[in-house]
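Student: One structure follows; several queries about it will come next.
The values are calculated or read from the model by the stated rules, or taken from the named source; none is laboratory data. All values derive from a computational prediction rather than experimental measurement. Surface areas here come from the heavy atoms of the whole protein model, side chains and all, with no ligands, DNA or RNA. Shrake-Rupley method; radii C 1.70, N 1.55, O 1.52, S 1.80 Å.
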Amino acid sequence: MSTFVMGPLQTLALYPALFATAWLAAPVFAQSAALHSLKVYLVGTLGVEPQAVPFAVLFALIVLAHAVSPIVAYLLQLRERGYLTPENPRLSREQLSGHRVAARAMAAHYNLLEGVAAFASAVIVAHARKVDLSVRIAMSLLHVAARVAHWLSYLLNVPLARTVAYHVGLAAITVLFGLAVAPAPWARGVYGEWAAVGGKSVGWVAAKIAGAMS
């Protein structure tokens with residue numbers, strides 16, 4: 001089975017580009033029609049109060065990390081090995097083939113678990129500090145969408161998309177913490193500039209791609 005491998009120079013060249021792509025695209029994703037539709041569905045259809053939306057999506061992420069993700073990982077482990085070893089499940093997971101989907105599913109599960117605490121802290125701190133509700137909703141939806149994309153990219157073995165998704169989620173947490181702890185006028189100004197630069201950058205790339213295809 002072929003494996004995606006990068007040397008030091010490739011890593012130094014590629015990862016800063018992926019990092020920049022994620023952080024510039026994050027505000028665009030946060031204002032996307034898809035996340036707006038999700039907000040409308042939560043508030044209008046499910047009846048979730050707007051101020052409770054960040055906590056609702058936090059709960060959804062907890063369910064994904066603690067229920068859905070481990071079940072998928074165990075089912076894939078059962079499919080790969082034909083059996084489970086309940087008396088020492090951690091040891092059996094460590095013995096999975098390194099490049100198989102079951103091993104990636106378990107790694108994705110651990111990554112989800114590791115990220116829940118940081119997101120929960122960001123949601124709580126932003127709420128306590130009364131960060132603008134629209135920003136809290138947008139960043140919370142963005143983070144959870146990014147974490148779902150990261151989980152799926154892990155399962156499907158799409159490492160570049162996985163890296164971008166990870167940093168989009170990290171950007172959302174950074175914004176929540178940043179707006180909570182920084183002086184309000186300064187923080188709002190930085191947030192506005194970030195969103196503007198991200199929108200212009202993505203728009204420029206989209207225009208270049210459209211021009212090349214025409």
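Student: Under Stokes-Einstein, with the Kirkwood radius over Cα pairs standing in for Rh, what whole-number D in µm²/s applies to the stretch 116-185 at 10 °C and 1.306 mPa s? Mind showing how you got there, number by number?
Tutor: Details: Rh = 12.3 Å.
D = 129 µm²/s.
Student: Using 0.36 nm per residue of separation minus the Cα-Cα distance, give me the extension gain between residue 60 and residue 41 in nm, one decimal.
Tutor: Details: separation 19, 0.36 × 19 = 6.84 nm, distance 1.43 nm.
Stretched out fully, the residue 60 to residue 41 stretch lengthens by 5.4 nm.
Student: Once the whole set of protein chains is in place, how much accessible area is left on residue 49, using a 1.4 Å probe, in Å² to the nearest 10?
Tutor: Here the accessible area works out near 110 Å².
Student: Using a 1.4 angstrom probe on the protein heavy atoms only, line up 123, 148, 164 by accessible area, largest first. Could the numbers behind the result be given before it?
Tutor: Details: 123 5, 148 55, 164 30 Å².
Sorted by accessible area, descending: 148, 164, 123.
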